[in-house]
Amino acid sequence: MRKKIVAANWKMNKTLQEGKTLVNAIISGNSNVDVTKIIFPPSLFVTEFASSIKENAGFFVGAQNCYHTESGAFTGEISASAIASCGATHIIIGHSERRQYFHETAEQLKQKVNLALKHKLVAVYCVGEKLNERQTNHYFTAVKNQLQEVIFHLSESEIKNIVIAYEPVWAIGTGLTASPEQAQEMHAFIRLAAAEKYGISIANQISILYGGSCNAKNAKELFACADVDGGLIGGASLVAEEFLQITNSF
Ligand code: PGA
């Protein structure tokens, strides 16, 4: 059975003190032990949060990004090995904000995925079409390309350490959510693409998360879709009660 996952992408929000308060509230209010919860705070907080959650089953901490080479003279960047050495177990790769604002290319993302897996991090790889690709009916092609260019070179054992997050760019932070039908259609398409490449049994083990204005009001109907295994939550993950309600929406 594939894992049910709710992941919190805090993006560039919260101070250390605010973050600690939020993590403590989430841990103490947690009631759904069947759901894997991954907190993606700003990287500076990873060490501290990893040690504070380690006694709490089902909780993990990850980073939102890493650099695409192993180490070296890249002032201000953070390596996958440094992230792993701080207790992180997961990493987000290919978020649309990274692709858009930091011009990350498919080749760089592929290198990041390779480094993440090398350092035993589970990679949450984000895919999703832009608004014009949705409107011109190119959304399947856009997502298939993102899968092929960045993760479909992985071996059968490596792909098991990938979680895929489908995040239509037009839904991120906009208050527009994909309908359950739109989400299910794309999630089934992604699973089929994985099945064509790796076989149905492996494809059925890959968790595929929905992201894009997912919140406590709409999570239930999204998570009820057969191929939606949870969510990657931005804005709604910044408030403990809202995030906890989402974790209870299966
Ligand atoms: P949002 O962000 O929930 O605020 O739309 C989701 C994401 O970017 O991961």
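The values are calculated or read from the model by the stated rules, or taken from the named source; none is laboratory data. Quick caveat, the model's predicted, so the values are computed rather than measured. Positions of Cβ are generated from backbone atoms using ideal geometry, with glycine treated the same way; all protein chains shown enter the neighbour counts.
Numbers below:
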quantity	calculated
Verdict on ILE200 being free of Cβ contacts under 8 Å to residues at least 40 places away in the same chain, over 17 Å from PRO168 (Cβ atoms) and among the β-branched types (Val, Ile, Thr)	yes
Matching residues, segment 211-232, being over 13 Å from SER249 (Cα atoms) and in a strand (DSSP E or B)	GLY211, LEU232
Residues of segment 209-222 satisfying the condition of being of a type outside the set (Ser, Thr, Tyr) and surrounded by 24 or more Cβ atoms within 10 Å (Cβ to Cβ)	LEU209, GLY211, GLY212, CYS214, ALA219, LEU222
Flag for GLY175 being touching a residue at least 12 places away in the same chain (Cβ under 8 Å), on the phi > 0 side of the Ramachandran plot, within 11 Å of the ligand (Cβ to nearest atom) and buried (at least 24 other Cβ atoms within 10 Å of the Cβ)	no
Conditions (1) closer than 19 Å to ILE5 by Cα; (2) surrounded by 14 or more Cβ atoms within 10 Å (Cβ to Cβ); (3) not small (Gly, Ala, Ser): number failed by GLU55	(2)
Qualifying residue in segment 123-142 (condition: at pLDDT 95 or above, outside any loop (DSSP other than H, G, I, E, B) and touching a Pro at 6+ places or on another chain (Cβ under 7 Å))	yes
Search result, residues across segment 224-234 that are within 14 Å of the ligand (Cβ to nearest atom) and touching a helix residue (DSSP H, G or I) at 6+ places or on another chain (Cβ under 9 Å)	GLY230, GLY231, ILE233
When residues of segment 11-25 are limited to those that are of a type in the set (A, V, I, L, M) and under 25 Å from SER96 (Cβ atoms), the one farthest from the ligand (Cβ to nearest atom)	LEU22
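Quick grid of which residues meet (1) more than 24 Å from GLU107 (Cα to Cα); (2) in a helix (DSSP H, G or I); (3) within 16 Å of the ligand (Cβ to nearest atom):
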site	(1), (2), (3)
LYS144	no, yes, no
TRP170	no, yes, yes
ALA195	no, yes, no
ILE202	yes, yes, no
GLU242	yes, yes, yes
ILE246	yes, yes, yes
